[in-house]
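Asker: Pasting a structure below so you can have a look.
The values are calculated or read from the model by the stated rules, or taken from the named source; none is laboratory data. Note that the structure is predicted; figures quoted are calculated from it, not measured. Don't worry about glycine lacking a Cβ; one is built from the backbone with ideal geometry, like all the others, and counts go over all protein chains shown.
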Amino acid sequence: MKNMISVAVLGSTGFVGTELVYILSKKRYVKIKFLGSEKSKNIKINSLDKRIKKDLPLIKFNSDFNISNIDVLFLALPHTISQYYVKKFYNKIKIIDLSADFRLNNKSIYNKTYQTSHLCPNLLDKFIYGLYDINFDLIKKSSNVAIPGCYPTSILLPLIPLLENKIIKSNNIIIDSKSGYSGAGKKFNLKNIFKLNGENNFYNYNTNNHRHISEIKQELQKYSSNKIQFSFNPHILPIFRGMMSTIYCDLKSKYSIAQINKFLNKYYKNQKDIEIILDDKKVDFFKIQNTNKCVIKIFKHYSSSKIILVSLIDNLQKGSAGQAVQCMSAMFNK
């Protein structure tokens, strides 16, 4: 097939990595030429994910990667690891990083948030923030893209249009998010949420202290001349995939739910994966699991000066691997 895109995936064996390979394997215009892992070698990727039917290269060590005949490098690696490969391959190949290493523009904020010194802070402003449905035009022109975190994706997509157009106030935004445990990666201890007797757990963590707070604040501030102030309370659910963010906002002026729905539909009219749910139709995880959609629904508040936004995504697809493939398609005009 003409104009095939040759890709390599480093970190192909994690939850995000296998999801990424699965999505890429279904694209007719993609040729997967290298699959890497930090610890595993000479195994087949479909032994880790039975959904992958295509015959793909055996997994090698990430360090074995060679950029020859590769068009784009995906880094599905843990935070603080991607930057080593970016430093090595920057300006030699297109890079799509799914870690947090290049999402933040400020070196000091990155170092404080991730409790480490960035290896190549001079490259922080060389990556476009890969929020596909907002930054599509910038992504198209870029050779280096940093994919947003899953929580930020679910939060920014409903909030940015409303902030940018001064429909909601920038202060006192309350965000309550719930995610499937795959968002915590393969190292997550399942004993935290499952018991042998069949009982399941559910809990919040890092309230107002989560590392994604810096990322959310950075991006929201771009769309408001006033200071952004919000609370963020993330939770882990006893399910594998799916994410729901419930966001409470103050309106700047009197708007009806119908007016805001009409505005959001117009704002996202060219983005087929953003769905605004109207009327009494319910929103739940079945609507977004194993899809690249973001579903948004607005609810009335008892006070006419407030609204409640509910935003749902699949944390592995729209919240990570799926959005990364969208960005690749934009970069190569596919």
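Asker: Given Ser304, Ser320, which one is surrounded by fewer than 16 Cβ atoms within 10 Å (Cβ to Cβ), small (Gly, Ala, Ser) and either outside the structural domain of Leu77 (by TED's automatic domain parsing) or part of a loop (DSSP other than H, G, I, E, B) (or both)?
Answerer: Testing whether each residue is surrounded by fewer than 16 Cβ atoms within 10 Å (Cβ to Cβ), small (Gly, Ala, Ser) and either outside the structural domain of Leu77 (by TED's automatic domain parsing) or part of a loop (DSSP other than H, G, I, E, B) (or both) leaves just Ser304.
Asker: Being basic (Lys, Arg), modelled with pLDDT of 95 or more and touching a helix residue (DSSP H, G or I) at 6+ places or on another chain (Cβ under 9 Å) is true for just one of Lys300, Lys266, Lys227, Lys334. Which residue is that?
Answerer: Going through Lys300, Lys266, Lys227, Lys334 in turn, the sole match is Lys227.
Asker: Okay, next question. For region 70-93, give me each residue that is buried (at least 21 other Cβ atoms within 10 Å of the Cβ) and not hydrophobic (A, V, I, L, M, F, W, C).
Answerer: Once the filter is applied, which keeps residues that are buried (at least 21 other Cβ atoms within 10 Å of the Cβ) and not hydrophobic (A, V, I, L, M, F, W, C), region 70-93 yields Ser82, Gln83, Tyr85.
Asker: Separate question: Looking at region 5-19, which of the residues that are at pLDDT 95 or above and hydrophobic (A, V, I, L, M, F, W, C) is farthest from Asn42 (Cα to Cα)?
Answerer: The extreme case among them is Ile5.
Asker: Hey, among Lys269, Lys262, Lys282, which residue is basic (Lys, Arg), part of a loop (DSSP other than H, G, I, E, B) and closer than 27 Å to Ser170 by Cα?
Answerer: Lys269
Asker: Of the residues that sit in region 60-69 and are in a helix (DSSP H, G or I) and among the polar types (S, T, N, Q), which one is surrounded by the most Cβ atoms within 10 Å (Cβ to Cβ)?
Answerer: Only one residue fits best here, namely Asn62.
Asker: Another question about this same structure. Restricting attention to region 6-59, and to residues there that are among the hydroxyl-bearing types (Ser, Thr, Tyr) and in a strand (DSSP E or B), which single residue is surrounded by the fewest Cβ atoms within 10 Å (Cβ to Cβ)?
Answerer: Per the criteria, the residue is Ser6.
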